[in-house]
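In what follows, a structure is listed as structure tokens, so that the remarks can point back to it.
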Amino acid sequence: MSAYQTGLIVQISITIMTVVAVFAMTGLAGMFSLGQAAYMAVGAYVTFVLSRFLDIPYPITGIISILISILLSWIIAVPTLKLRRDYFALITVGFSQMILALVLLFEDFTRGSIGFSKIPRMDNLLLVSLVGLALIIFWIRNLKYSRFGRMCIALKNDEIAARSFGIDVYHLKIKIYVLASAIASFAGILMALRNRVITPDSFGWAQSAEMQIFLFFGGTNSLTGAILSAGGLKLLPEFVRDVTLFGVSMQEYRTIIYAILIIIVINFRPQGILGEKEINFKWLKNLYRRFKQSILKKNESYD
Amino acid sequence: MTEQILKTHNLSKAFGGVCAVKDFNMEINAGRIRGIIGPNGAGKTTIFNLLSRIYKEDEGTIEFAGQDVTSKSQIEVARMGLSRTFQNTRLFVGLNVLDNVKVALDHDGKYSLFSALFKLPFRNKQERMIKEKAMSCLELLNLDEFAKLSPSNLSYGYQRRVEIARALANDPKVLMLDEPAAGLNPEETSMLMDFIKDIQAKYPNLAILVIEHRMELIMNLCDHIYVQDSGLTIAEGTPAEIQSNPKVLAAYLGEEE
Ligand SMILES: Nc1ncnc2c1ncn2[C@@H]1O[C@H](COP(=O)(O)OP(=O)(O)OP(=O)(O)O)[C@@H](O)[C@H]1O
Ligand SMILES: [Mg+2]
């Protein structure tokens, strides 16, 4: 496999990871955040800045960075998850701006907008990314089909009704938000290892918005929808890399393409491509059966 | 059977200048059905919202299961066994009928988030127990054939029943139904009233409180009725007493004819 292909697979795994985490937070628990990329920044910067300046191996500082993200997200969640949902979304934007401001402020350590480079090479990054992705999908799938998933869907529908069944809406939301943020920071570490350089502009709110776009495109209520749409939409610009428009590669129009796609989907299929459907074994079996039947019918009509 | 389960004393609530509920006194015993009737805006739903602690009262006390619950939260009284439905259907979209019923049991589920994420054997065992309990609730109320359906595929009358089944899943002490027949056609309405009677037979220790604004509907359902008008209790008593009360006829029936 070429370095380009490996890099692409790692990149797509990272994207899917972050979107799966956003699925848990927004799709299941209805918390709309535009700050998840900030936790990627925390993962990336804390891991490699600490590793370099304290001379600690990065797997250890990586774990520290995830713990810091957990703490940070908890601190953010405790006061804001009591507020109305729209305030929560606004505060997450503010939070992500704050993290980036801190990166620029501590320029001596982070190299500011020049970017923090010379990140060590990780030989089995592809393997780690794929195993990490598989584990995260396994977790969130299990979450959806557990009592926590059901309670999340209930509170997303109607918090007052959820409370009337004894559901502690506030604490459940905190748990899910912290979980999603921890996953994002893990993805941030992988992203740094892939790019070998960390720059603040790869963690802006546009990055967080992209995660939401991918989720809404696939369908907020479908985990497999989120996975497929994240993978597909991330891959899409790669196909049009060599196509140029006004002398610029189509890849540069990525954001515009996404915006157009999301406008189309929201207008014609507001529940997302897959809606509430999950593509699983049973679904595939049904599809196969229907396919077989239609072929049989065709044969009959020839008789 | 004579155990008093829920009681209010001079319960009052105003919104801005509007008195939604004023000095409301009621009590209900285990195994009984009582009704609250009154025209639109009489304050019936506000009474339920006060009892279930969605609103905080301005004055008065609420005693539930032998405790003063005025300082308790909505979640706490729900967990103590005060269950309710809402005036408009609030089944959870994205969950099938069975999962909707499971939600009522989920706060009490024993497995942790950790065992949920890793799908540990303990989680599977607990999930099976939750499923059994939810299923037996649906079976008891003859709704089990709908378990796998999405609520939106059910008729309005059945959605109401599923909602009531869900409110019963956790074996509450008190069940409060806010206009359960609202939006139903006459046939569905009479079936729903039979359904509620059936519940009383199947849950002998349950106290049921029903809100309705059409008086004739709960006349042969309740033992005792409170008549509300503009926040005040204008009459209370057995259905027969209510029907012949001149105040009720004037203020309530009169305007409907
Ligand atoms: N959250 C609120 N804020 C302001 N006013 C409210 C609120 N809830 C209820 N009210 C007012 O309190 C009064 C009683 O309302 P409530 O909903 O309890 O009536 P109701 O008897 O349930 O009527 P309906 O038969 O229409 O359901 C009304 O005047 C209503 O406008
Ligand atoms: Mg009402």
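Name the one entry in B:E236, B:E241, B:E188 that is crowded, with 16+ Cβ neighbours inside 10 Å, farther than 15 Å from B:R160 by Cβ and not basic (K, R).
Step by step, each of B:E236, B:E241, B:E188 is checked, and only B:E236 is crowded, with 16+ Cβ neighbours inside 10 Å, farther than 15 Å from B:R160 by Cβ and not basic (K, R).
Mind listing just one residue for me: the one in segment B:93-107 that is more than 7 Å from every other protein chain (Cβ to nearest Cβ) and more than 19 Å from the chain's Cα centre (by Cα) and, of those, surrounded by the fewest Cβ atoms within 10 Å (Cβ to Cβ)?
Step by step, filter segment B:93-107, then rank; the result is B:N96.
Just checking, which of A:I189, A:I153, A:I213, A:I167 is in contact (Cβ under 8 Å) with a residue 12 or more places away in the chain, assigned to a helix (DSSP H, G or I) and within 8 Å of chain B (Cβ to nearest Cβ)?
Just a single option satisfies the conditions, and that option is A:I153.
Can you name every one of the helices (runs of 4 or more DSSP H) wholly within segment B:130-225 that holds 1 or more residues which are closer than 24 Å to B:K7 by Cβ and within 16 Å of ligand 2 (Cβ to nearest atom)?
In segment B:130-225, the matching helices (runs of 4 or more DSSP H) lie at B:215-218.
Only one of these conditions is not met by B:D144: (1) crowded, with 19+ Cβ neighbours inside 10 Å; (2) acidic (D, E); (3) more than 14 Å from chain A (Cβ to nearest Cβ). Which number is it?
With (1) crowded, with 19+ Cβ neighbours inside 10 Å; (2) acidic (D, E); (3) more than 14 Å from chain A (Cβ to nearest Cβ) applied to B:D144, the lone miss is (1).
B:K119 - would you say it is surrounded by fewer than 19 Cβ atoms within 10 Å (Cβ to Cβ), more than 17 Å from the chain's Cα centre (by Cα) and within 7 Å of chain A (Cβ to nearest Cβ)?
yes
Can you name the helices (runs of 4 or more DSSP H) wholly within segment A:18-117 that have at least 2 residues being buried (at least 23 other Cβ atoms within 10 Å of the Cβ)?
The helices (runs of 4 or more DSSP H) meeting that bar are A:36-54, A:58-80, A:85-105.
With (1) closer than 20 Å to B:L232 by Cβ; (2) over 12 Å from the mean Cα position of the chain (by Cα) as the list, and B:D68 as the residue in question, which single condition is left unmet?
(1)
Can you pull out every residue in segment B:13-64 that is away from ligand 1 (no atom under 12 Å from the Cβ), in contact with an Asp or Glu (Cβ under 7 Å, 6 or more places away or on another chain) and not aliphatic (A, V, I, L, M)?
Across segment B:13-64, the qualifying residues are B:N29, B:R32, B:R34, B:G35, B:T61.
Applying the selection to segment A:249-298, what residues are small (G, A, S), part of a helix (DSSP H, G or I) and under 19 Å from the mean Cα position of the chain (by Cα)?
Within segment A:249-298, just A:A259 meets the criteria.
Restricting to segment B:77-92, name every residue that is more than 15 Å from ligand 1 (Cβ to nearest atom) and within 8 Å of chain A (Cβ to nearest Cβ).
B:A78, B:R79, B:S83, B:F92
What are the pairs with Cβ atoms under 9 angstrom where one residue, in segment B:19-44, is outside the structural domain of B:Y203 (by TED's automatic domain parsing) and the other, located anywhere, is away from ligand 2 (no atom under 12 Å from the Cβ) and modelled with pLDDT under 95? Sequence gap at least six, or different chains.
Taking only residues 6 or more apart or on different chains, not a single pair turns up.
Report yes if B:K110 is modelled with pLDDT of 95 or more and at the interface with chain A (Cβ under 10 Å from one of its Cβ atoms), otherwise no.
no
The values are calculated or read from the model by the stated rules, or taken from the named source; none is laboratory data. Since we're looking at a predicted model, the values are computed, not measured. Here the Cβ is made from the backbone with ideal geometry for all residues, glycine too, and neighbour counts use every protein chain on show.
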